[in-house]
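I have placed the structure first, in the form of C-alpha cells, so that the comments after it can refer back to it.
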Amino acid sequence: PMMEKINTNIVTLTRFLTEEQIKHKEATGDFTLLCHALQFSFKSIAYYIRRATLVNLTGLAGSSNTTGDEQKKLDVISNDLFIEAMRSSGKVALLVSEEEENVIYFKEAGQARYAVACDPIDGSSNLDAGVSVGTIFAVHKLAEGSTGCQDDILKPGTELVAAGFTMYGASAQLVITMKGSTVNGFTLDSGLGEFILTHPEMRIPRERAIYSVNEGNSLYWEDDVKAYFASLKEAAPERGGKPYSARYIGSMVADAYRTLLYGGVFAYPADKKSPKGKLRILYECAPMAMVFENVLRDTAGGQAVDSNMNRMLEVVPEHIHDKAGIFMGSYDEVEKVKEFHKKK
Ligand code: AHM
Ligand code: MG
C-alpha cells in the first residue's frame, strides 16, 4: 500500500513570526516576543475552556466587571492569564481589558514599546453551553518618546500594528493580521501544542446571502436598519428568488470567523435602546475591522463600518470602553447596508 503523504514542512506560528521578523530589517524582535506571549495566553485559555466542565470552572465568579456584566469564572481566569502573559513578556507598557475598569500599566517593563487591548473571553454568555467563544486582541505602538499613557491606546484602528482573535471552537483558530499585510489563520494542534498555518492569506467572498444579527433587538432598530434586514428576506430575482439565510451564534468571534470564511454580513447596530451600540471599539470593533479590511481583495475583500457608515477603523474612542454600532463582512454586502442608510 502507498504511504500517505504527510506534510513535514509545517509552518508553525513561531516559524511564521520569525520569518516575518527577518523580512523587516529594522525589527528588534520585541513584537515577535509579544506575539509569543499572546500565543501562550491563547493556548492556556483554550486549555481551561476545554476542561471547564470537568474541573468546576463553569458558572459565575460572583463578581461583575466595569460595565456591570456578571463575570463567569472563565472570564476571570482568562483575564488573569492574559494580563500575566502580557506583563511577563516585558514588551507591553499598558493594557486595556474588557474586564478591567482602568488601564493597567506595567511599570516594570521600562523599555516596552507596545500597548495592547483585549477582550479575554468574547461571547461569555455561550461559555457554559460549550458554544464557541474567543479572545480578541489589538496592538498599538507607543508614540515616539512615550513611556506609556492612555493616549497611546485611544487611537483609531488605522494606527494598529497588529490585531486578530482566537476562536475556541471544535479546534482553536487564531487569525492575525499586521499593518499593511494580509490575514493568516492558524489551527492549534493540541498534540504538538503549536498553532499551525492552515489558512494562509485568507480571503472573503465578495458577497454571500447570509446575515448575522440579534434579531431580538429589531423592535429598537432605526428604520433604515429595519428596512435593510427586511430586504434580505425578500425573494429577490437577482438571487434566484431566495431570501438570505440567518446565522447568529452570539459570539462575535465565531460569527466573524464564519463570515470571513463563507462571506455575508455580521451586524450589531446601534439602536434606540443602545444608541452607541453594544460592542466596544478598542477590543471588539477595531481589531475585527482591521481583519476584515486586510483580507485579500483581488478576488474578494471585506469592510467594516459603524452605524453612521463611517469606516470603523477611523473611529476614535474618547474613553477606553467606548462602544460603536458595527456592520462588517463581504464588501458588497456592506455596500447594501450603506445604500439603505443613504435613503434614510
Ligand atoms: P461579551 O464580550 O460580554 O461576551 O459581549 C460581546 C458579545 C459578542 O460576542 C456578541 O456578538 C454579542 O455580545 C452578543 O450580544 P447579544 O446577546 O445581545 O446578541
Ligand atoms: Mg466581548
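All of the numbers you see were taken from the coordinates with simple rules; none came from a lab. Bear in mind the structure is a predicted one, so any value in this text is a computation, not a measurement. Every residue, glycine among them, receives a Cβ derived from its backbone with ideal geometry; neighbour counts consider all protein chains shown.
Here are the numbers:
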{"quantity": "For 92, 334, order by how many other beta-carbon atoms lie within 10 Å, fewest first", "calculated": "334, 92"}
{"quantity": "Relative packing of 145-151, 54-60, which averages over residues the other C-beta atoms within 10 Å, highest first", "calculated": "145-151, 54-60"}
{"quantity": "Reachable aspartates and glutamates, given that their alpha-carbon falls under 19 Å from the alpha-carbon of residue 233 and they are not under 8 places away in the same chain", "calculated": "207, 215, 222, 223, 224, 332, 333, 335, 339"}
{"quantity": "Order of 313, 219 - criterion: other Cβ atoms within 10 Å of each residue's Cβ, fewest first", "calculated": "219, 313"}
{"quantity": "Cα gyration tensor shape for the chain, rounded if a/c is under 1.5, else prolate or oblate", "calculated": "rounded"}
{"quantity": "Ellipticity estimate at 222 nm from DSSP helix runs (n ≥ 4, -39,500 (n - 2.57)) divided over the chain, nearest 500", "calculated": "-8500 deg cm²/dmol"}
{"quantity": "Of the GluC sites (Glu not before Pro) in the range 221-296, those whose Cβ has at most 12 other Cβ within 10 Å and which sit in DSSP loop", "calculated": "234"}
{"quantity": "The range 1-36 and the range 189-209: distance between their alpha carbon centers, rounded to Å", "calculated": "15 Å"}
{"quantity": "Entries in 5/43; 273/323; 107/141; 141/276; 72/323 that, when Cα-Cα distance is taken, lie over 18 Å", "calculated": "5/43; 141/276; 72/323"}
{"quantity": "C-alpha center-to-center spacing [the range 121-179, the range 251-328] in angstrom", "calculated": "13 Å"}
{"quantity": "Residues residue 8 and residue 170, FRET efficiency given R0 of 22 Å [Cβ-Cβ distance, rounded to 0.05]", "calculated": "0.35"}
{"quantity": "Least to most buried among 24, 321 (fewest other Cβ within 10 Å first)", "calculated": "24, 321"}
